[in-house]
Structure formats: structure tokens, C-alpha cells
1. Can D585 be described as part of a helix (DSSP H, G or I), under 20 Å from E669 (Cα atoms) and away from the ligand (no atom under 16 Å from the Cβ)?
2. For the list (1) of a type in the set (D, E, K, R); (2) under 17 Å from P336 (Cα atoms); (3) buried (at least 23 other Cβ atoms within 10 Å of the Cβ), I need the number of the one condition that K260 fails.
3. Any residue in the stretch 301-315 that's touching a residue at least 12 places away in the same chain (Cβ under 8 Å) and surrounded by 14 or more Cβ atoms within 10 Å (Cβ to Cβ): show its pairings with residues that are among the charged types (D, E, K, R) and assigned to a loop (DSSP other than H, G, I, E, B) at Cβ separation under 6 Å, as long as the two are six or more apart or on different chains.
4. Report those strands (runs of 3 or more DSSP E) wholly inside the stretch 359-476 carrying at least 1 residues which are under 27 Å from K772 (Cα atoms).
5. Scan the stretch 564-582 and tell me whether some residue there is surrounded by 22 or more Cβ atoms within 10 Å (Cβ to Cβ) and within 16 Å of the ligand (Cβ to nearest atom).
6. Would you confirm whether any residue within the stretch 391-405 is within 28 Å of G239 (Cα to Cα) and basic (K, R)?
7. Given the residues L225, L238, L242, which is the only one that is closer than 26 Å to D315 by Cα and either within 27 Å of the chain's Cα centre (by Cα) or surrounded by 18 or more Cβ atoms within 10 Å (Cβ to Cβ) (or both)?
Amino acid sequence: MLSVMLALGTVWANAKGIVPGYLRCEYKESPVTDVAHPRLSWELTATENNQVQTAYQILVASSPEKLTENGADLWNSGKTNGRGTAQVAYAGKPLASRTVCYWKVRSWDKNGIPGEWSKPSHWEMGLLDKSEWQGQWVGLDLDHLGKGKVYHLPPAPYLRKEVTIRNGVKKARLYVTALGLYEFSINGKKAGDAFLTPGWTDYDKRVYYQTYDVTADLKSGKNALASQLSYGWYAGYLGYSLLVQNPVVRAFYGKVPVLKAQLEVEYADGKKETFVTDQSWKASQGALLESDLLNGETYDARLEQKGWNLAGFDDAKWKNAEIFPDKADRKVQVYPGPPVRITQPLRVGTTQKRPDSTYIFDMGQNYAGIVRLHVKGRAGDTIRLRYGEKLYPDGRLMTENLRMARATDTYILKGDPAGETWEPKFTFHGFQYVEVKGLSNAPTKETLTGLVIGSDTPKTGSFETDNAMVNQLYSNIDWTQRANYVDIPTDCPQRDERIGWTGDAQVYVKSATFNRDVASFFTKWVVDLNDGQYENGAYPLYAPRPNLRKTDTFSPGWMEAGIICPYQIYRTYGDTRMIRDGWQDMVQFMNFLDTRSKGTYIFKENAFADIDPKGGFGDWLSFGKKTPPDMLASFYYAYCADLMAEMAAAIGNAKDEQRFVETGKKVREAIRGHYVDQGGRFKCDAQAYGNGAGYVDGSLGFTGHTQTAYANAIYMNIINPADRTKAGDYLTALLKENGDKLGTGFLGAKPLLPALSATGHSDLAYKLFLSKEFPSWGFEVENGSTTIWERWDSFTKEDGFKYNAAMNSFSHYAFGAVCEWMFGNAAGIVMTKPGFETFDIRPEIAPDGMGSDGINHLKASLRTINGTIVSEWSSASGKLTMKVKVPVNTLAHVYVPAGAEAKVLVNGKQLSSSEAVKTVGKEDSYVIVEAGSGDYEFAVSK
Ligand code: RAM
């Protein structure tokens, strides 16, 4: 009787079982998608430790009412055994365009008990076939109006159309895209909250569209559909083309921005109506006189056509919209990434009046975005806003590093006595300071508001310590990521560049995954990468790739982004679809490497002498003698082969797996035969490079024996395991020779600390990490940075900005790749199975005795696709406390730093007699504990 009651009690306590939440489809909550078999995911919570999902059931229905086991008309997966909670592809009836799919899921726990159904969620199918687009491309050619100025900046077109809607609208969807940038409104209300739509792609191959639910925005009777266009990436200035005097400097894809839109209305009586862009649309120009991503906007509020976007406006004077032809093979698809949005407002920190009567506003944070201006004055008063990341010591705005990007917004007042508020729509800047000219009154708190923009990638990571410098560094890393993940991963947000540099992206991608959920962001950009792949198989220097400079092609260390980025997305999110979709392209890249190596499986000195710069960019922005770029190219060759082998296995392609395992071996053998001497030192034939002319910093000379060589060789497993220790010793010796200072560039900085840690030199890794001396991460923080700099010497106390002032961004994430070590080593969160289904917590405790210059407490968290992991440690006078959170349905190996003599308690009890966790081994000075889901506290005393 008692046992029955107890058993019932347990069942009762667990009646809820494990409960799925955070339902997503294609990585998004309630998205519109055009993926035929969209992938679903959910996150589990449980009240009990050690919980796993043993089975799940998914229901999908065409209405909320049908979302029952018997009613689900689209899909009932039935009870499906398995642990998977992500990347579960819809496998029901074929889904037609426009279908709204309601879904829910439940999970069975380890005891075979089904939990409650999740709250319902939904996704919606977009227009699956291009032929469903009845709208035409419409626009207004104002190109001639931009001529004769310093920059060719024609005014932005305005488009409008009134439509009559009957009573009883049940559902209304607006589909919009543009070649260029658009903002669309219905009856004066902006559709959605995205910025810079529809995003940057190779517009000859594809363009994306957005879908808006506008059911609530329509009224019966006349409705105004209105759109403003801008030149954007399609027709505006791009990158450094003007700086390098490229024959084409703007309008890389087309001269005139055009719009395509379709409003589909469904009435309660079942009737449908569709309104599309066509010849009946009217076009004009208005207050937006200039509009360009790099150069900024000019808005003359006196030219506003009042009510142009409302019904009843008299557009008799407007022209008929012009129709522009389509390209037959241009795809029109749903935007797969997270929208670019205003993600945060910022209040002005301080304001300074300058001798020339301008004001400098300090926003307190370097960011990408715009400002909202609020002013009162006379009609015709002109406010000019210029943006900069830094001030000169005398307080002037520093704009040298913007190069040819004018980055200036101008607002001309209409003279509204109530004051007027304006913000640009189609541009953004990278800045911390704004210089405002033309204010007739002293500024107030309301004059400027900062608006941060960026791809709205959900925050997933946090990293806090008791060391203020480290906390600021982490903040700088995340801000730099936000400033540069703007539709594509850019190098910098301020100067005339802002392009998708592949090298920067590949060194940083893993770091990015610790801070934000970048799954859908890279789902988009990997398409851009594949679209940008050259005929010969090489991935480009930047994607998308307009022809910004004749000599731009590909470079080792950059082009490998085509392999490394999809691999990282696979590892972090368990995404094999991206691998499958891109497999042919990736294999083609590997074929390219094979062909280039002429069957030798190595790139010897001068193997890339035919590209510009010779050898490619190599260890870009390093100090001292150069690591031969060809040696690094060879390392990357082996590394890519490994990643390809692993990805081949993940998609069940045994043949390719074997091929790439072989390639990896052959490349390593060839490297050892050519670039390694008897004593295991890296070497090269420096003579072969002659005087180095044509190579990046070639005059400094070349040597294989560099920090970058060993760091990469250890990180990429280039050397024999037996020689690993030796490589670590060479690395530490090189650092020592250099006064324990790093000299690594873009390709060497990321693996540096991980390589030290991997070879038993965690203390030295910490020393470099915590250093505040030039060059170091801490030096930037010490010098007031709020973002990561492009160069270690972007600013020095001695020389100010002098060192290459023009090529000097203060918001460049490449060196922020130290983030990988912060999470992976200092906090010790190490994934061991894709998606963090299993992982290690193996923290490296900072050396003690450094007081406030060291780290005595660290807490990192990461919301993975399998739930949130926390790793926290505190160390004080011989005592160590570790707190770990293991999400439901995952398994962790916790490496507890405890010497042979140490006493370890877990949740207050002796580890050895714990029932909560299992001790499974020892390694170095760690005790390895296996832990299922739950919260654990380990206390270690000597
Ligand atoms: C610079 C970019 C980028 C780098 C290339 C090689 O112009 O800013 O960071 O990848 O050069």
C-alpha cells in the first residue's frame, strides 16, 4: 500500500514530465519561410535532475482548432523515439504557399512518461514559386539628378498607389522586395520594423523579400500603399572602389532602385484580391535628396509632400512609375536571416561646444547605427551631422579613418514651431561621436538619441568576472560583433569598406557563436559565399562580391571561410542541411586546392605568387618577420580537409569522408617534409621570396619560426602528437624572446591562447590575456576602447592615431576572436557533440596571487540549441568553488580542478559517495565527473 502510494507520489510529482518551450522553426520564432521541409526545434525544462527526452510527438495543423491528435491535418509525427530536439524536419503533407502551420510538441522523459503538450506556435509558408509574384519591378529613374556633385547622389524615389478594400478583411499579407532598399507603409504606418530591407545579395542571382501581416492595417475604403526607395548595396557606393580608383564606384548591380510588392487580401466571405506594383503606381521625389549607405542622407523637410503616404493625397502631378525588366533566372526568396533592426536606443553621454560653434556629442559607446535628431528652428536652418569613432587630443572629430565614406547626414528644417524629429532611413554609420553643426540653440537631452542597428541575433552568451578590464573587453567584443553583423558579417562599420571579408568572418565565427545565436545569420551569408564562389572553385575575398577592384580575387586564410563557416554552424547547432546544400560547392573548393597544389598536397614558397597581393593577405597586421603565407595556406589545406571529412561523416557520405581523411594525411606529411626541420622547428626557404616585393609586409622578411606558425600548427593539429609539446615549447620560447608579448596578426591571434592552453601553458595564456601593455587586448581597454580595434597599434600613447591613420578601424572583430579562448578555456565550455548534446566543462583557473589584476571569479553562460549551460568558478585562499548548469537532455563531463590530495564536495556531499553524479576518471590535475541535467556546486579544498 505504502509503496503504491509512494509510486503514485512520484508519478504525481513528475506529472508534468519534461516540457518543451521556445518552439522555433528554421531557427526563428513564428517565421515566414520558403523551406519546403522546415526544421523545428524546442528547448526542454524539467523539475528533476538527469532528465532526457526518450521520444517526442509533433502535431502540425492548418488551424489552431485542428491542432489535436485526431485533428492535425498536416502532420502527426506519432510517438517518435529519440533524443533530438532540434533540426527535426517537417515530414507531413506537402505545404502550399501561404499555409499557416500551427504546431505543438510533447516529449517523453527517461521514465517513459509523456509530458504536457507545449504551448502552440506557428510558422507560415511564403511564396514558393516565383511565378506567384504578379507584381512588376517599378521605379523612377532620377539618376541624372545626382550628377555634377562631388559624389553622385541622386534623390530617392517615392512611390504610391491607392487601393480600395472591401469590408470584412480576414487576412492580409504584404510581400515586398526591392533592388536597392525599401521602406513600405500602409496608410502611413511602416510595415514591420526591419531596417535595410531586403538585404544584400548577389542581385543577379537572387533577391530576398519580406512578408508582413497587415491584416490590422487595412480599413474599408481607400488605402494608401506607399514606398520610399534608396540606392543601398544595389545602386549606391560600395567599399573602397572610389579610393582605389576602380572604374566603377557605384551602381554595381543597377542604376535605379526598384520595388516589387504584392498585397494579398482574403475576405471573410472567402473572396480574394491581390494588388501589385504595376504601371498604375505613381512616382515622384520628395524630401530625401541624397541617400547612400556610405555617404549618408540629406533631407530637406521643406520638400515634404504632406500626406503623400495617406489616402486622399492628390498625386496628379506625380509621374507614372516606370517598369523595369526582370532577370529570368534571378530567384526571389524569403529572407533567411534575422532582420536588421534598431536593437537599442542610446542616451547621449556628454556634449562639448567647439570653438567653431559645432557641438560634439559623445554617445559613450562605439556602435553601428544612426541618431534621431530633435530640433526646433526656422525653415531652411541646416543641421549637419558628421560621425567619428575618436576625437583628436584637442577635441576635434577624427574622420581620417573614414577615407572616402562621407558619412554625413544633413537635415534642413521646415520650421515647425512644435519642433521636428528626423532620423535617416537608409544609411548607417560606425561611430561614438557626432559633430553637430548648425544648432541655433544649445542642445538638450532630447537633441540626439542614439539608435543602434544590426542583425537582430538573439543574445545567447554572457561572461562576467571580478576583473573590470576583462568585463570591458567582453563588452567590447559583443559590441563589435553587433556593429559588424549587419545583414552580412562585415569587417568594419565606419569607413568605405563594410564588406563581407571572408578572412575576418572565418577567424571570428566560432567566437560569434558564444555571444549570439548566429544560426540564421550564417544561413543567409553562407548562400552569399556560395554565390560568390569563383568558377575555379575558390571562395572570394568578400561575399557578396561586386567587382570593387580589378585585382581582388581570393586568398589563403580568407577563402576557407566557405568551409569553416558551415562547419562551425554544424558544430554549434547540429545543422547538417547547410552541409548538404553546399556540399558540391565545398567539394569544388577542395578540388581547387588539389589542382592548385598540382598533386603535391602542399603549397610551397610562392605557390600563390600570381594573386594580389602575392601570397594573399597572410597573417595580416602581425608584427615582426612574416609567417610564409604559403605555409599557412598549407595548414589551412589540411585543416579544411579535416573539417570536410567530419562533415562528410555527418551527412553519411563515406566515400568523401575517406577522400578527405586521406587528403588531410597527405597534406600533413608534405608539410612535415617541407616546412619542418629535424628538430621539429618550422622553417621556410626565405630566399625564395627574394626581397619580398609584392607580398604583404614582404620587406620584413619571412621565417617559419613564428608565434603564428606554432599557434596554428597546434590548433589545427598539423604536427605529430609526439611533437606537440615541443611545438608548445617553441611557442613559449618565441613569446619569451619577445618579452611575453604577442606579435600575431589576423590568422595568428585566434589560435594563440588556445594553443598555449592545449600545450600546458595556461598560465602564459592568462598572462597575455590579462596584460595591459602594448600590444594586447588589455591595452585597448586601458586606452578607453569600447570596441575591438583593427590593429594592435590603432592608437598608442606615443603616436596617437599616426600609424596608418586611413587604414585604422576601431570596430573590427578579428582580434576579438580571443572570445573563443574565454569561453572554451577560461570558462571551459567545450562542445563534444554537435549542438552541445554532450559537452565538457573544463575551466582553466587563473593563476592566483594577482589580486585585482587577475581573475578570482568567473561566470559564463551560453544558451545552446539544447538549452543553457553555465560554468562558474571562484577561487580564494586555496579553496575553489565551481557551479555548473547542465541543460535537460544533455550530458556533461565536468573537469573539477582538484589535485590528488584535494577534498571535493558536490552539492555539499562527498564526491566519492555522491549519487547525483559519477566520477569517471582523472586527467592532469582534474577529476572528471559525469553529470546529467541539473545544477551542481563543487567545492574543492586542498
Ligand atoms: C581590410 C579589411 C579586412 C581585411 C582585409 C585584408 O581592408 O578591413 O579586415 O580582411 O583588409
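The values are calculated or read from the model by the stated rules, or taken from the named source; none is laboratory data. Here the structure is a predicted model, which means the values were calculated and not measured. Cβ coordinates were reconstructed from backbone atoms using ideal geometry, including for glycine residues, and neighbour counts include every protein chain displayed.
1. Numbers: part of a helix (DSSP H, G or I): yes; under 20 Å from E669 (Cα atoms): no; away from the ligand (no atom under 16 Å from the Cβ): yes.
Here the answer is no, as D585 does not meet what is asked.
2. Just one mismatch for K260, condition (2).
3. Close Cβ pairs (under 6 Å, with a partner that is among the charged types (D, E, K, R) and assigned to a loop (DSSP other than H, G, I, E, B)) amount to A301/K414.
4. On the way: elements: 359-375, 382-388, 408-412, 420-422, 429-437, 448-455, 461-465.
Output list reads 359-375, 382-388, 429-437, 461-465.
5. Yes.
6. Quick first cut of the stretch 391-405, residues within 28 Å of G239 (Cα to Cα) only: 391-392, 396-405.
Okay, now just the ones that are also basic (K, R), so 396, 403.
Yes, because at least one residue in the stretch 391-405 is within 28 Å of G239 (Cα to Cα) and basic (K, R).
7. Details: L238 fails: closer than 26 Å to D315 by Cα; L242 fails: closer than 26 Å to D315 by Cα.
Within the list L225, L238, L242, the selection yields L225.
Each row is one residue, and each column tells you yes or no for (1) part of a loop (DSSP other than H, G, I, E, B); (2) within 16 Å of the ligand (Cβ to nearest atom); (3) under 17 Å from N467 (Cβ atoms).
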{"site": "S785", "(1), (2), (3)": "yes, no, yes"}
{"site": "E798", "(1), (2), (3)": "yes, no, no"}
{"site": "A806", "(1), (2), (3)": "yes, yes, no"}
{"site": "S811", "(1), (2), (3)": "yes, yes, no"}
{"site": "D840", "(1), (2), (3)": "no, no, no"}
{"site": "E844", "(1), (2), (3)": "yes, no, yes"}
